[in-house]
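Beneath this line is the structure, given in structure tokens, with notes to follow.
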Amino acid sequence: MSGSALKQELKLLESIFHQRHERFRIVSGSLDEISCHFVTQEQVLVIHCNITESYPLVPPIWFVESDDPSLAAVLERLVDLKKGSTLLLQHLKRIISDLCKLYNLPQHPDVEMLDQPLPTEQSTRDDVTSEEEDEEMAEDNEDLDHYEMKEEEPAEGKKSEDEGIGKENLAILEKIKKNQRQDYLNGAVSGSVQATDRLMKELRDIYRSESFKAGNYAVELVNDSLYDWNVKILKVDQDSALHNDLQILKEKEGVDFILLNFSFKDNFPFDPPFVRVVSPVLSGGYVLGGGAICMELLTKQGWSSAYSIESVIMQISATLVKGKARIQFGANKVRESQYSLSRAQQSYKSLVQIHEKNGWYTPPKEDG
């Protein structure tokens, strides 16, 4: 499906369900993400949608910010819809209708507007010859090529996805794409479509980020895997004890960063990444045994698919300072003190169980 057709779907949605609509509102929409609100007298349900590059062959992926199983059931029933050129519109029609039934609300008449055909461009001339039609079709195909290949040859006035990304990082993105194509040909595809698309977007956004370019942090893919990141926190608050510790660490060991590992699963961005500190060993800063981090946003309970990875990195950096993290010099040389993946997973599991039972609060620095 062309991007122009998807744009028409989005344009129709935003015209019907504007941000002041009494029942359903499109809060924000782009070619890969939509955020919307279903409004009742008692609450506002926040619903997110991820659209892959393969739409409509791959249907939109929906997520509601609620643990109510009846809401999850509404989204699960979307699999019954047959694929079509306006699958996004049909999904939303079903979602709104089912939510109205669930909350005993009358069906809103605007829902029926989603059945109307999308507008098509028509020629204002009555005497168009077949030769001229062929020329116009060729021009339309050229426009479509410009849109679909905008990374390589952006149309005039349009920003390329790769604009603002350095050559070295562009090479990394291209290598990832090449590896993905080769894995596909070899029948060894790993991950999922929605996770891969979202992670590529996150990585591209990071490479464009001013904070990344300013050297506040660095990102490296482990073994070129899009699902396994090493993140180096290079700068923290200069007035913090952690900043001073990093200066001493550089003098002693030639290392001046805090190394984190982000591990992503196939259901990202609907589940959070597993994040742990790899080195150096820290005390305080809400860092648990094994290197796990005590932060609600890193759990299913506190996570939102709308969070960007950069915002998570910056939040972890701030949390380390807020929790008065200090480097335990020499601890990396003591095996019992070293961080490990298995110990971090055990600590994280215990952390989740404790907070699911007792709720979340801002703990003292000694606790999780």
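Side notes on the structure shown:
- Taking the criterion of being part of a loop (DSSP other than H, G, I, E, B), in contact with a helix residue (DSSP H, G or I) (Cβ under 6 Å, 6 or more places away or on another chain) and either among the acidic types (Asp, Glu) or within 26 Å of GLU53 (Cβ to Cβ) (or both), the residues of segment 200-241 that qualify are SER209, LEU226, ASP237.
- Residue pairs whose Cβ atoms lie under 6 Å apart, sitting 6 or more positions apart in sequence or on different chains, and linking a residue in segment 100-113 that is outside any helix (DSSP H, G or I) to a partner that is not small (Gly, Ala, Ser), are TYR103/THR40; GLN107/CYS100; HIS108/ARG23.
- Residue satisfying all of: in segment 249-262; outside any loop (DSSP other than H, G, I, E, B) and surrounded by fewer than 17 Cβ atoms within 10 Å (Cβ to Cβ); nearest to the chain's Cα centre (by Cα) among these: LYS250
- All positions within segment 15-73 that are open to solvent by 40 Å² or more (accessible area, probe 1.4 Å), of a type in the set (A, V, I, L, M, F, W, C), farther than 18 Å from SER308 by Cα and in contact with a strand residue (DSSP E or B) (Cβ under 6 Å, 6 or more places away or on another chain): VAL44
- Selection within segment 162-197: residues that are touching an Asp or Glu at 6+ places or on another chain (Cβ under 8 Å) and polar (S, T, N, Q). The member of this set that is surrounded by the most Cβ atoms within 10 Å (Cβ to Cβ) is SER192.
- Counting the residues of segment 334-368 that are more than 28 Å from the chain's Cα centre (by Cα), at pLDDT below 65 and open to solvent by 60 Å² or more (accessible area, probe 1.4 Å) gives 7.
- Of all residues in segment 21-42 being charged (D, E, K, R) and more than 22 Å from GLN116 (Cα to Cα), the one that is modelled with the highest pLDDT: GLU42
- Selection status of ASP271, open to solvent by less than 50 Å² (accessible area, probe 1.4 Å) and modelled with pLDDT of 90 or more: yes
- Among residues of segment 238-259 that are closer than 21 Å to ILE293 by Cα and of a type in the set (Asp, Glu), those with a Cβ under 7 angstrom from a residue that is open to solvent by 70 Å² or more (accessible area, probe 1.4 Å) and outside any helix (DSSP H, G or I), sequence gap 6+ or separate chain, pair up as ASP245/ARG326.
- Across segment 291-314, the qualifying residues are those that are within 20 Å of GLN194 (Cα to Cα) and of a type in the set (D, E, K, R), and the one among them that is modelled with the highest pLDDT is GLU310.
Yes/no per residue for (1) free of Cβ contacts under 8 Å to residues at least 40 places away in the same chain; (2) of a type in the set (Asp, Glu); (3) part of a loop (DSSP other than H, G, I, E, B); (4) closer than 19 Å to LYS232 by Cα:
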| residue | (1), (2), (3), (4) |
| --- | --- |
| GLY285 | no, no, yes, yes |
| GLN301 | no, no, yes, no |
| SER311 | yes, no, no, yes |
| SER317 | no, no, no, yes |
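- Filtering segment 276-306 to residues that are within 16 Å of SER263 (Cβ to Cβ), crowded, with 17+ Cβ neighbours inside 10 Å and either in contact with an Asp or Glu (Cβ under 8 Å, 6 or more places away or on another chain) or aromatic (Phe, Trp, Tyr) (or both) leaves only TRP303.
- Of all residues in segment 37-56, those satisfying the criterion of being out of contact with any Asp or Glu (no Cβ under 8 Å at 6 or more places or on another chain), touching a residue at least 40 places away in the same chain (Cβ under 8 Å) and either closer than 18 Å to PHE270 by Cα or not in a strand (DSSP E or B) (or both) are THR40, SER54, TYR55, PRO56.
- The single condition from (1) modelled with pLDDT of 90 or more; (2) farther than 30 Å from THR52 by Cβ; (3) open to solvent by 60 Å² or more (accessible area, probe 1.4 Å) that SER317 fails is (3).
- When VAL231 is tested against (1) farther than 19 Å from ARG326 by Cα; (2) in contact (Cβ under 8 Å) with a residue 12 or more places away in the chain, only condition (1) is not met.
- Test result for VAL128, open to solvent by 100 Å² or more (accessible area, probe 1.4 Å), at pLDDT below 90 and either outside any helix (DSSP H, G or I) or within 25 Å of LEU10 (Cβ to Cβ) (or both): no
The values are calculated or read from the model by the stated rules, or taken from the named source; none is laboratory data. Being a predicted model, the structure only gives us computed values, none of them experimental. Here the Cβ is made from the backbone with ideal geometry for all residues, glycine too, and neighbour counts use every protein chain on show. Heads up: the accessible areas ignore ligands, DNA and RNA and are worked out on the full protein's heavy atoms, side chains in. Shrake-Rupley method; radii C 1.70, N 1.55, O 1.52, S 1.80 Å.
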